[in-house]
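Notes for the one structure printed next.
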Amino acid sequence: MIIGTRIRYERQRLGLTLEELGNKIGVSKQCLSGWEHGRNMPDVFALNTLAEVCRIEIKDFLTGLPDENGALHKKLIDSPTLHLTEKETQLIHKLRTLSPERRKAVETLFGIRDKK
């Protein structure tokens, strides 16, 4: 899942759709989606092409995600939230800082309120 998460991260960092990145590396958007979701894995040639397009090294696909300063967080490799996008992680952190009243409102809005 590390490779797929990093592929999605790099694609989003570049502002590309699945189709756009797929066209740049010569695969279908369905193939690329499969990589991102961990259903299958790119071969070494595809990883090399991805690395060139993303302007990173192949090994970066194996080491986790960079933080806001560009440093890699190797601890993300074992993180249970590895499958979350950066935006999803930001939303979770924001939710945790809300007042109880606002958190209740957000949970109600999304239909995830505990039935107590």
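The values are calculated or read from the model by the stated rules, or taken from the named source; none is laboratory data. As the structure is a computational prediction, the values presented were derived from the model and not from experiment. Ideal geometry is used to build each Cβ from the backbone, glycine not excepted, and the neighbour counts take in all protein chains shown. What goes into the accessible areas is simple: the full protein's heavy atoms, side chains included, and nothing from ligands, DNA or RNA. Shrake-Rupley method; radii C 1.70, N 1.55, O 1.52, S 1.80 Å.
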Restricting attention to segment 53-66, report how many residues are of a type outside the set (Val, Ile, Thr) and open to solvent by 40 Å² or more (accessible area, probe 1.4 Å). 4
LEU50 passes all but one of (1) open to solvent by 100 Å² or more (accessible area, probe 1.4 Å); (2) under 14 Å from THR5 (Cα atoms); (3) modelled with pLDDT of 85 or more; which number fails? (1)
Residues (open to solvent by 40 Å² or more (accessible area, probe 1.4 Å) and either of a type in the set (A, V, I, L, M) or in contact with a Pro (Cβ under 7 Å, 6 or more places away or on another chain) (or both)) located in segment 3-42: LEU14, LEU18, MET41
Inspect all residues belonging to segment 82-91 and state whether any of them is open to solvent by less than 30 Å² (accessible area, probe 1.4 Å) and modelled with pLDDT of 80 or more. no
